[in-house]
Amino acid sequence: MSSEATLSTGVSAPPEQFNYAQHLLGLNVQRPAKVAFLDDSGSLTYGALDERVRRVAAGLRSLGIRREERVLLLMHDGNDWPVNFLGAMYAGLVPVAVNTLLTADDYAFMLEHSRAQAVLVSGALVPTLNAAMVKSDHEVGKVIVSHPAAPLHPSEVDLEAFIQAHQPLPKPAATSPDDPGFWLYSSGSTGRPKGTVHSHGNPYWTSELYGKGVLDLQENDVCFSAAKLFFAYGLGNALTFPMTVGATTILMGERPTPDATFKRWTGGTGGLKPTVFYGAPTGFAGMLAHPALPTKTDVAMRLVSSAGEALPAELGEKFKRHFGVDIVDGIGSTEMLHIFLSNTPKRVRYGTTGWPVPGYDIELRGENGEPVPDGEPGDLYIHGPTAAMMYWGNRAKTQDTFQGGWTKSGDKYVRNADGSYTYGGRSDDMLKVSGIYVSPFEVEATLVQHAAVLEAAVIGVPDAEGLTKTKAFVVLKTGAKASADELKAFVKGKLAPYKYPRQIEFVTDLPKTATGKIQRFKLRESETAGR
């Protein structure tokens, strides 16, 4: 972090020897009996968390995994997730936290790309992992299973037995703030995810600058995040931020449906009601439209955060009218780890993404690379202490995204007269659907695998709530027939289910350049004109 930013925020840099897992455990040694995490199976105190983290660290070391080697973390949210994530970091290993909604093909790529030496996996996900291991040329030596759902194979071990078989590692690996700490996979514009490498120091800065500096989280808060821990957003919301202040986190393994979310809001997990809730616009839209929406007196929320996609102003205003609490909207990225541009609890302007988080600098640049004046759209660049170190094994994309201290976000923004920023769309064709990136190229390439499909083009279109949904324009082969439902099911069968097109329109041809490149912007213009 630059000295200017350090002085302006008053946040001290971490010491030269710094292990982030040990840092979080050390912040909570005075509250061993307090509940750190609570899931459907029970609670985990800070004292028990400390011991289990260090036992996992010792166990992973006993497998012969060396410093900075990777272990894949494929787990549903629950008390075992932070134990394994922090255990790997404590040992100086690098946990690779991956999306639990993906396919065996996706995991096969990630196993090979990360060269993971072990896998920490939820029992329910073992069949998908096994299918991935059959497809991949992997290096995995041991699979450690949390809550096994079937008899274990010789290469598998029960996590609880693994933990109990090892004494706590007495001291952490002697890492530095700049050593590799963990990976997250960021969606690629061509469908291949990018292994985004973060340091031990990066989550320290997000917690200090945003978790404490903007959200002002307190020890007596109870945090609950609809965004899962494998997302950069969820990792801060439900692990690094609350542990930094000694708060309690409710973890939920199931999908964040309105009913599942309302259950937690109203004390359905251990009787605790969240005081802080983190969601995304699509989730807020679904909850506000749900007939079982709790009343203001049913909940205890004092602070509500949103990220993942731009929050339509009407959703924020409707939520505020119902619950009396503002939604604090912001934007972050896998590359920057968490939010760098945000409204604040004391200053909300709906329809904007807010103001730069102290410690970060923002620039909007035109096509010539020069800053653009207020009111004109430009490409968003961020300078701050939490930028990823690289995309693993992808030098060209690393150099394109991380440019001399600045990170190119791929988003278009406009700076307003009051210094706030308004979202203007993506600089490329990537789509954010329900807060998760979807590559149109990947969906198109899947559609054309169908025997009846000649060509396809995918764009994002707004729904009635102003949220982006995918729409595919499909050209069928001469004489071929296929229904929209058939094609949707075909895509669901080959890609992660959230990637399927919500709408399909059959057309006779697609707009193209002279060289044959599909002109998606013309399809977007046509959609806009037709509304």
Next on the checklist: Would you confirm whether or not region 126-135 contains a residue that is buried (at least 19 other Cβ atoms within 10 Å of the Cβ), in contact (Cβ under 8 Å) with a residue 12 or more places away in the chain and small (Gly, Ala, Ser)?
Outcome noted: yes
Next on the checklist: Of the conditions (1) of a type outside the set (Gly, Ala, Ser); (2) more than 20 Å from the chain's Cα centre (by Cα); (3) assigned to a loop (DSSP other than H, G, I, E, B), ASP428 satisfies every one except a single condition; which number is it?
Outcome noted: (2)
Checklist entry - Any residue at all in region 507-521 that is touching a Phe, Trp or Tyr at 6+ places or on another chain (Cβ under 6 Å), more than 30 Å from ALA307 (Cα to Cα) and modelled with pLDDT of 90 or more? => result yes
Item to check | Counted residues, region 494-525 - those being open to solvent by 80 Å² or more (accessible area, probe 1.4 Å) and among the hydroxyl-bearing types (Ser, Thr, Tyr) | outcome: 2
Checklist entry - Wholly within region 99-211, which strands (runs of 3 or more DSSP E) include no fewer than the required count, namely at least 1 residues that are among the hydroxyl-bearing types (Ser, Thr, Tyr)? => result 118-122, 142-146, 180-186, 194-199
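For residues in region 305-318 being farther than 17 Å from SER434 by Cβ and surrounded by fewer than 22 Cβ atoms within 10 Å (Cβ to Cβ), which is modelled with the lowest pLDDT?
The initial filter retains those residues of region 305-318 that are farther than 17 Å from SER434 by Cβ, namely 313-314, 316-318.
Next, from what is left, pick out any that are surrounded by fewer than 22 Cβ atoms within 10 Å (Cβ to Cβ): 313-314, 317-318.
Working: ALA313: 88, GLU314: 85, GLU317: 94, LYS318: 94.
The extreme case among them is GLU314.
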Item to check | Residue ID - farthest from the chain's Cα centre (by Cα), chosen from residues in region 136-151 that are hydrophobic (A, V, I, L, M, F, W, C) and open to solvent by 50 Å² or more (accessible area, probe 1.4 Å) | outcome: ALA150
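Does PRO356 count as touching a strand residue (DSSP E or B) at 6+ places or on another chain (Cβ under 9 Å) and either closer than 21 Å to LYS412 by Cα or crowded, with 21+ Cβ neighbours inside 10 Å (or both)?
Numbers: touching a strand residue (DSSP E or B) at 6+ places or on another chain (Cβ under 9 Å): yes; either closer than 21 Å to LYS412 by Cα or crowded, with 21+ Cβ neighbours inside 10 Å (or both): yes.
Considered against the rule, which asks whether it is touching a strand residue (DSSP E or B) at 6+ places or on another chain (Cβ under 9 Å) and either closer than 21 Å to LYS412 by Cα or crowded, with 21+ Cβ neighbours inside 10 Å (or both), PRO356 comes out as yes.
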Item to check | Matching residues in region 206-232 - criterion: being open to solvent by 30 Å² or more (accessible area, probe 1.4 Å), of a type outside the set (Gly, Ala, Ser) and at negative phi | outcome: GLU208, LYS212, GLN218, GLU219, ASN220, PHE231
Checklist entry - Taking into account only those residues within region 467-493 that are surrounded by fewer than 16 Cβ atoms within 10 Å (Cβ to Cβ) and within 25 Å of the chain's Cα centre (by Cα), which is farthest from TYR423 (Cα to Cα)? => result GLY493
Next on the checklist: Would you confirm, using the coordinates I've provided, whether ASP40 is among the acidic types (Asp, Glu) and open to solvent by less than 40 Å² (accessible area, probe 1.4 Å)?
Outcome noted: no
Checklist entry - Based on what the data block shows, is TYR391 crowded, with 21+ Cβ neighbours inside 10 Å, more than 25 Å from SER305 (Cβ to Cβ) and under 23 Å from the mean Cα position of the chain (by Cα)? => result yes
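The values are calculated or read from the model by the stated rules, or taken from the named source; none is laboratory data. Please read all numbers here as calculations on a predicted model, not as lab measurements. No Cβ is skipped: glycine too gets one built from the backbone with ideal geometry, and neighbour counts run over all protein chains shown. Just so you know, the surface numbers come from the protein's heavy atoms only, side chains and all, with ligands and any DNA or RNA stripped out. Shrake-Rupley method; radii C 1.70, N 1.55, O 1.52, S 1.80 Å.
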